[in-house]
Structure formats: C-alpha cells, structure tokens
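Undergrad: Shown below is the structure under consideration.
Since every read-out is calculated from the coordinates, none of them should be taken as a lab result. Remember, predicted model here, so these are calculated numbers, not experimental data. All Cβ positions, glycine included, derive from the backbone under ideal geometry; neighbour counts span all protein chains shown.
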Amino acid sequence: MAATLNEIKRNKTFEAFHWLDATSKTALMHENEINGKLTRNITLQAQAVLSGKSFFDLITPLQIECEQVDEGYPFLKITIVH
C-alpha cells in the first residue's frame, strides 16, 4: 500500500486517490517460490480522480497489482477499470 501511494504521488495521471473501506479485507495475495526466490503477488482495489477532471465528474475504479520478489521493492501495475 505504501509503494502504491508513492507511485500515485509521482504519477500525474491522478488528481486524487482513495483506498476503499474494504481494500484490506478484499486484497488477494498469492505467494510462490521459483528458483529459490519468494514471490508475492497482491491485488488491491482503489478509486481515483483522473487529472483534468473535477472530483464530481469522474471517480474511477482502479486495480493495483503488486509483485514483490525476495522482499525487494515492489513492482506496481495500476490499471483503470472500465
């Protein structure tokens, strides 16, 4: 979640960002080991306002996919859900 917030601050696509009340409860996490490396994949749901839109114009659902290998810094993929 912290890595996502850091990415959102750097990414100029989003004007505002909001975790859903149930984000922690609905997160999906999978762990596996490949070639001696532990990989965690976590999928989270959130909402955002796209830059250039007013808050009341467009609240967009997001899916955040996070992959972390051996406790390294997570790789994030933020997708706008249509």
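Undergrad: Please identify every one of the GluC sites (Glu not before Pro) in the stretch 28-82 that sits in a loop by DSSP and has no more than 14 other beta carbons within 10 Å of its own beta carbon. Before the final figure, lay out the partial values.
TA: Details: sites: E31, E33, E65, E67, E71; in loops: E71.
The qualifying sites are E71.
Undergrad: So what is the calculated 222 nm ellipticity per residue for the chain, using -39500 (n - 2.57) for each DSSP H run with n of 4 or more, over all residues, to the nearest 500 deg cm²/dmol?
TA: Numbers: 2 runs with 13 residues, N = 82.
The helix contribution divided over the chain gives -4000 deg cm²/dmol.
Undergrad: What is the sum of charges around C66, taking Lys and Arg as +1, Asp and Glu as -1, for the other residues whose C-beta is under 9 Å from the C-beta of C66?
TA: On the way: positive: R40, K77; negative: E65, E67.
Counting the neighbours of C66, the net charge comes to 0.
Undergrad: While we're here: What's the tally of Lys pairs in the stretch 2-80 whose alpha-carbon atoms lie under 21 angstrom apart, where the two lysines are 8 or more places apart or on different chains? Numbers along the way, then the final one.
TA: Working: K9/K53; K9/K77; K12/K53; K12/K77; K25/K77; K37/K77.
Here the count comes out as 6.
Undergrad: Would you kindly derive the ³J(HN,Hα) couplings of the stretch 11-27 from the backbone phi angles with the Karplus curve 6.51 cos²θ - 1.76 cosθ + 1.60 (θ = phi - 60°), listing them in order in whole Hz, with x for Gly and Pro?
TA: 7, 8, 6, 10, 7, 9, 9, 8, 6, 6, 4, 9, 4, 5, 6, 9, 4
Undergrad: DSSP loop (so not H, G, I, E, B), at most 10 other Cβ within 10 Å: list which chymotrypsin sites (Phe, Trp or Tyr not before Pro) in the chain pass both filters.
TA: Qualifying residues, ordered by number: F55, F56.
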